[in-house]
Amino acid sequence: MDQELIAQVKYNEQGLVPVVTQDAVTGAVLMQAYMNAESLKLTLEKKVMVYYSRSRQELWEKGATSGNTQRLVSLAIDCDGDSLLAKVIQKGGACHTGEYSCFFRTIEEVEKVPNSTILYELQDVVRDRQANPKEGSYTCYLFREGIDKILKKVGEESAETIIAAKNASREEISYETADLFYHLIVMLVERGVPLSDIFEQLQKRR
């Protein structure tokens with residue numbers, strides 16, 4: 001804990017500093033709230049997010065009543081010292097509406113930019129198909145057939161990815177690799193292994 005940086009936090013005339021909270025796993029921006037000196041102190045001590053409610057004029061620990069807790073991973077201060085960035089492990093939805101992020105309403109989307117969060121979205125869909133089977137779903141078919149079928153498909157897609165790489169076609173490589181990723185995620189869900197475990201292993205090897 002860097003006490004020198006804590007001392008550099010600039011509070012506004014109400015004694016508050018804005019905090020942007022980000023999912024440490026997916027990178028998604030979850031919410032924006034405020035802290036005062038006391039809530040900042042408690043957040044650092046308890047390693048969970050404690051904010052200050054401007055409407056209720058009181059401290060509130062995120063998830064204390066809803067169960068949608070935020071475990072602190074890191075807390076950073078911006079270059080001017082007048083705002084904070086918290087990275088957290090989010091449990092459940094961050095928004096009071098029940099949505100995962102408070103920023104679920106898009107005013108305008110100029111273009112879709114592919115990013116790694118699609119892997120988590122895919123994992124969520126696969127988990128949902130496992131828990132709530134749907135007629136005609138290929139994912140549900142794989143779960144019904146069992147692990148041997150799933151592993152067979154992983155093997156087939158691995159071979160097709162190798163062939164695509166040998167052919168050196170960018171489009172073919174990306175297409176077959178996407179198929180491989182999908183079947184790997186089905187295998188991971190079937191075996192109860194979350195993507196975060198894989199990323200943890202990669203982080204250890206960095």
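The values are calculated or read from the model by the stated rules, or taken from the named source; none is laboratory data. The model shown is predicted, which means the values in this text are computed figures rather than measured ones. Cβ sites come from the backbone with ideal geometry, for glycine too, and all protein chains shown count toward neighbours. For the accessible areas, the whole protein counts, side chains as well, though only heavy atoms, and no ligand, DNA or RNA atoms are used. Shrake-Rupley method; radii C 1.70, N 1.55, O 1.52, S 1.80 Å.
Exactly one of (1) within 23 Å of ASN12 (Cβ to Cβ); (2) open to solvent by less than 50 Å² (accessible area, probe 1.4 Å); (3) in contact (Cβ under 8 Å) with a residue 12 or more places away in the chain; (4) outside any helix (DSSP H, G or I) is unmet by ALA76. Its number?
Of everything listed in (1) within 23 Å of ASN12 (Cβ to Cβ); (2) open to solvent by less than 50 Å² (accessible area, probe 1.4 Å); (3) in contact (Cβ under 8 Å) with a residue 12 or more places away in the chain; (4) outside any helix (DSSP H, G or I), ALA76 misses just condition (3).
Going through the stretch 81-135 one residue at a time, which ones are among the hydrophobic types (A, V, I, L, M, F, W, C), surrounded by 10 or more Cβ atoms within 10 Å (Cβ to Cβ) and assigned to a helix (DSSP H, G or I)?
Step one: list which residues in the stretch 81-135 are among the hydrophobic types (A, V, I, L, M, F, W, C), which gives 84-86, 88-89, 94-95, 102-104, 107, 110, 113, 118-119, 122, 125-126, 131.
If we keep only those that are surrounded by 10 or more Cβ atoms within 10 Å (Cβ to Cβ) as well, we get 84-86, 88-89, 94-95, 102-104, 118-119, 122, 125-126.
Correct list: ILE118, LEU119, LEU122, VAL125, VAL126.
Show the residue pairs that are 6+ apart or on different chains and have beta-carbon atoms under 6 Å apart, the first residue being within the stretch 190-205 and over 22 Å from ASP148 (Cα atoms), the second being surrounded by 10 or more Cβ atoms within 10 Å (Cβ to Cβ) and not basic (Lys, Arg).
SER196/VAL25
Please go through the stretch 150-167 and give me each residue that is open to solvent by less than 80 Å² (accessible area, probe 1.4 Å) and farther than 22 Å from ILE198 by Cα, ordered by number.
Looking only at the stretch 150-167, we keep the residues that are open to solvent by less than 80 Å² (accessible area, probe 1.4 Å), and these are 150, 153-161, 164-165.
If the condition is that a residue be open to solvent by less than 80 Å² (accessible area, probe 1.4 Å) and farther than 22 Å from ILE198 by Cα, then GLU160, ALA164, ALA165 are the ones that fit.
I'd like to check something: does the stretch 45-56 contain any residue that is open to solvent by less than 50 Å² (accessible area, probe 1.4 Å) and at pLDDT below 95? Reasoning before the result, please.
If we filter the stretch 45-56 for residues that are open to solvent by less than 50 Å² (accessible area, probe 1.4 Å), which is where we start, we get 48-53.
Next cut, at pLDDT below 95 only: none.
No, there is no match, as no residue in the stretch 45-56 is open to solvent by less than 50 Å² (accessible area, probe 1.4 Å) and at pLDDT below 95.
Please give the number of the condition ASN115 fails out of (1) in contact with a helix residue (DSSP H, G or I) (Cβ under 6 Å, 6 or more places away or on another chain); (2) within 21 Å of ILE198 (Cβ to Cβ).
Here ASN115 meets the rest and fails (1).
Considering (1) under 22 Å from THR26 (Cα atoms); (2) outside any loop (DSSP other than H, G, I, E, B), say which one ARG206 fails and leave the rest.
So ARG206 meets the others, but not (2).
Taking the criterion of being surrounded by 15 or more Cβ atoms within 10 Å (Cβ to Cβ), more than 30 Å from VAL88 (Cβ to Cβ) and among the β-branched types (Val, Ile, Thr), would at least one residue in the stretch 178-195 satisfy it?
no
Okay, residues lined up against (1) closer than 26 Å to SER116 by Cβ; (2) out of contact with any Gly (no Cβ under 6 Å at 6 or more places or on another chain); (3) in contact (Cβ under 8 Å) with a residue 24 or more places away in the chain; (4) in a loop (DSSP other than H, G, I, E, B):
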| site | (1), (2), (3), (4) |
| --- | --- |
| VAL19 | yes, yes, yes, no |
| THR26 | yes, yes, yes, yes |
| MET31 | yes, yes, yes, no |
| SER39 | no, yes, no, no |
| TYR52 | no, yes, yes, no |
| ALA64 | no, yes, no, yes |
